[in-house]
Amino acid sequence: MAVPRVRTYVPGLDEILYGGVPERSIVLLSGGPGTGKSILGKQFLFNGLKRGEPGVFVALEEHPVAVRRSFKHFGWDVSQYEREGKFAVVDAFTGGVGAAAQRERYVVKQVDDVHELGDVLRQAIKDLGARRVVVDSVSTLYLTKPATARGTIMALKRVIAGLGSTAFFVSQVSVGERGFGGPGVEHAVDGIIRLDLDEVDGKLYRSVIVWKMRDTKHSMVRHPMDIKDSGIEIYWDKYIRLAGAAVKIESLPKEEVDAMRKAVEEAEGPAKRIEVEEEE
């Protein structure tokens, strides 16, 4: 049976995922600073809004005002969708402190209380009928207490997947760190997309690789990518090899390119949505 998918509509990403993200998946966007994780999450949300899929952004590291401003930087104006009740910011940053914060509809008073966050997020998803969720950055919830990481991820996963939504969790790692956010996190999520920024001979190269994705075939090579005025673009029909001071960007074999293209075309067709009742 074909797996229902959520198209990201991020140029090149659906191709390397052979059609898109399996529905109700929790995907970790992992990488160091400046790699484009937050941009990719916002692009995923806004692309859904444009196609009638409500979305929720959970702000853990930015003031909600800054979040809305960062969307606009790429020409993604969420204000109309917010007025229409199709987009919402869950403020898990301010604790409700400040005049601007007091105007927010969804506020987590205790920003390190995962249970309260889950309750507020559940309400926002239900109110909007949200299909897409982005949490930025989930690392904030367990950075100082890594032993709680798996429990934190699972608590949020039960809320989001239980209500039928698909989510991107932004995960911070240090420059040069090979991991993705800790073993508890890596095993709890359904997928991991790693974004990297490597310096080779004095020049920076952006790349992306799908490290894991349950319930779907995915590309097994590292692809070059760029951050443009319109957002992230992945060169899905090419792969990049970084070895010492040498960088090579080469084309994928034609049969692989054709298979990716066909998978995306098939994902464009009508798919039966699986209705999910939240488990208490």
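For the chain, adding -39500 (n - 2.57) for each run of n ≥ 4 DSSP H residues and dividing by the number of residues yields -9000 deg cm²/dmol at 222 nm. Rounded, prolate or oblate: which fits segment 1-88 when a ≥ b ≥ c are the square roots of the eigenvalues of the alpha-carbon gyration tensor, with rounded for a/c under 1.5 and prolate only if a/b beats b/c? Oblate.
Viscosity 1.002 mPa s, temperature 20 °C: Stokes-Einstein D of segment 217-263 from its Kirkwood Cα radius, in µm² per second?
Values: Rh = 11.9 Å.
Result for D is 180 µm²/s.
In the context of the full set of protein chains, residues of the chain present 47 Å² of accessible surface per residue (probe radius 1.4 Å, heavy atoms only).
Round to a whole number: what % of the accessible area of the chain belongs to carbon and sulfur, probe 1.4 Å? Result for the chain: 50 percent of the exposed heavy-atom area is carbon or sulfur.
Across the chain, Cα pairs under 8 Å and at least six residues apart give a relative contact order of 26 percent. When the chain is treated as a Gaussian network with alpha carbon springs shorter than 10 Å, the biggest mean-square fluctuation among Gly151, Gly162, Gly202 belongs to Gly202.
Averaged over residues, the count of other Cβ atoms within 10 Å places the peptides 255-262, 126-133 in the sequence 126-133, 255-262, highest first. Within the listed set Asp119, Asp190, Asp201, the Gaussian network model of the chain (springs between alpha-carbon atoms below 10 Å) gives the highest mean-square fluctuation for Asp201. The lysines within cross-link reach of Lys238, meaning a Cα-to-Cα straight distance under 16 Å and a gap of 8 or more places when in the same chain, are Lys248, Lys254. Taking Gly98, Gly34, Gly164 as the candidate residues, the one with maximal mean-square fluctuation in a Gaussian network model of the chain, Cα springs under 10 Å, is Gly98. What accessible area, in Å² to the nearest ten, does a 1.4 Å probe give for His115? Here the accessible area works out near 140 Å². Annotation: Arg69 carries an accessible surface of approximately 150 Å², with a 1.4 Å probe and no ligand, DNA or RNA atoms counted.
The values are calculated or read from the model by the stated rules, or taken from the named source; none is laboratory data. None of these values were measured; they are calculated from a predicted model. Please note: Cβ atoms are built from the backbone with ideal geometry, for glycine as well, and neighbour counts cover all protein chains shown. The area values use the complete protein model at the heavy-atom level, side chains included, leaving out ligands, DNA and RNA. Shrake-Rupley method; radii C 1.70, N 1.55, O 1.52, S 1.80 Å.
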